[in-house]
Amino acid sequence: MSELHSFIVRAYQEAPAVRAQFDDAGVDPGTIVETGDLARVPVLRKGVLAERQKADRPFGGFLTVPPSDVQRIFASPGPIYDPQGKNPDYWRWGAALEAAGFAPGDIVQNTFSYHLTPAGMMFDSALRALGCTVVPAGVGNSEIQITVMRDLGVTGYIGVPSFLYTLLKKAEEIGCRGDLKLTRAWVAAEKLSEELRVRFREQYGAEVYQGYGTADLGCVGYECSERRGFHLAPGVIVEILDPETGSVLPDGEAGEVVVTVMEPLYPLVRFGTGDLGIMLTDSCPCGRPARRLAGIFGRTADGVKVRGLFLYPHQIEELERRIPEIRFCQAVVTTSDFRDVLTLKVQTHDGIHGETLKGKVAFEAKACFRLTSAVEIVAADFFGDDKKKVVDLRSWE
């Protein structure tokens, strides 16, 4: 009996939501033996996960133990509730960090948020499992973070690439770059351009690695020293699907990344990420198994990731509901100096304008999206036929 078969049968028996996923499609879990058999199982969409959690709080029937038996519970935007099991590296990021050279003796500044969302604790747990010392820095406060890096002799960084760039530039500005001992970094949640990676290495002396995962799934894939795509994490099955037909695509073709993580505590079977990826099968000189993701090249759906958080049209609609003066709002995502920039273009009723309204929009947007944004009040005829709530103008080249 295969590992996949055992996992599916157990998930069907212990998770009511998984049982419904199979029963509603008329699929016998006992017939799922190898990866190709998963094609008969419907893709689990994030919207469906959210709906199930609302109908059956807090985990929608996916958790196989009582909520009191998990270590922590996080609330991602939505809200979506994510459990953390009790094993030391529940989200499986340890292998990713080890491949990037993190090891006992490293002092690592973790700049992912520890507040409600799981990213901070994901990497904290993985670093501790490797024997590293963790500085739980969280986000923001760049000058304080530089001081901490210098004073503690921090050797490693975890976070988004744009914030690392901000920190290193700030260190140059205040004249303490030479005092830093940072030699390696691991980044995720934002696009890392090769131009910026080279700049980190040549200008700042830091080797930077990246990986791919989500709050729901944990680690999906990660780079080795060869940096030839993302090796799949242990216990992870990845399929690439045609976004239009839902059929499984051959290796080498671009499609939606659909993931099954064989985690018995919180089994998510064929979870649709909405991300575009390509599967590679050529061998990697590092010696790890060949199948790996070439990278993530954009989104298939309306949601886009901005500075590590997803932004969806329904969140823009919520902002419009909160502020009656808004007639229509469009979120535009661009980049500047390797950092995502979010601009809200706001059309108001009767041409209402003013700095007070702009400040109100920015304040409420932070509450709705957990993202800071610039606000522009635009003319009544600004949008024309372009009525998209979210526009992504970043290049994925």
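Solvent-accessible surface of the chain, averaged per residue with a 1.4 angstrom probe and all protein chains in place: 44 square angstrom. Between ARG394 and ALA103, the contour length at 0.36 nm per residue exceeds the Cα-Cα span by 101.3 nm. Set the Cα radius of gyration of segment 1-141 against 2.2 N^0.38 Å, with N its number of residues, and you get 1.24.
Of the whole protein surface, LEU357 contributes about 10 Å² of accessible area at a 1.4 Å probe radius. Counting only residues at least eight positions apart within a chain, or on another chain, the lysines with an alpha carbon under 22 Å from that of LYS358 are LYS345, LYS366, LYS387, LYS388, LYS389.
Restricting the calculation to alpha carbons of segment 191-243 gives Rg and Dmax of 13.6, 41 angstrom. A Förster distance of 45 Å, applied to the separation of the beta-carbon atoms of ASP385 and ARG227, puts the FRET efficiency at 0.60.
So for segment 81-152, considering every pair of alpha-carbon atoms, how many percent are separated by more than 14 Å? When every Cα pair of segment 81-152 is considered, 60 percent fall beyond 14 Å. Put a dot 7 Å past the Cα of PHE297, heading toward its Cβ, do the same for LYS358, and the two dots end up 3.9 nm apart. Need one number: nm distance between label points at ASP56 and HIS5, each 7 Å from Cα along Cα→Cβ, rounded to one decimal. About 2.7 nm, to one decimal. The simple Förster model, with R0 at 56 Å and r as the Cβ-Cβ distance, assigns ARG288 and GLU325 a FRET efficiency of 0.50. Taking all protein chains together and rolling a 1.4 Å probe, LYS358 ends up with roughly 50 Å² accessible. Note on segment 363-397 and segment 290-326: Cα centroid distance 11 Å, given to the nearest whole angstrom.
For segment 267-397, the average shadow cast by the Cα convex hull is 11.3 nm², which is a quarter of the hull's surface. At q = 0.24 Å⁻¹ the log10 of I(q)/I(0) for segment 1-70 amounts to -1.11, computed by Debye summation with a single uniform scatterer per C-alpha, solvent ignored.
Our Cα-only numbers for the chain put the radius of gyration and Dmax at 21.9, 68 Å.
The accessible surface of the chain, taken with every protein chain in place and a 1.4 Å probe, is 50 percent carbon and sulfur.
Taken as Cα centroids, segment 1-26 and segment 39-104 sit 17 Å apart, rounded to the nearest whole angstrom. Placing a pseudo-label 7 Å from each Cα along the Cα-to-Cβ vector at ARG40 and GLU376 gives an inter-label distance of 5.3 nm. Ranked by the mean number of other Cβ atoms within 10 Å of their residues, highest first, the peptides 155-163, 241-249, 55-63, 88-96 come out as 155-163, 88-96, 55-63, 241-249.
Given axes a ≥ b ≥ c from the Cα gyration tensor, I'd like to know whether segment 219-263 is rounded (a/c under 1.5), prolate (a/b larger than b/c) or oblate. In terms of gyration-tensor shape, oblate.
The values are calculated or read from the model by the stated rules, or taken from the named source; none is laboratory data. It should be emphasised that the depicted structure is a prediction, and the values quoted were computed from it without experimental measurement. Don't worry about glycine lacking a Cβ; one is built from the backbone with ideal geometry, like all the others, and counts go over all protein chains shown. Side chains are part of the model used for accessible areas, which takes the heavy atoms of the whole protein and leaves out ligands, DNA and RNA. Shrake-Rupley method; radii C 1.70, N 1.55, O 1.52, S 1.80 Å.
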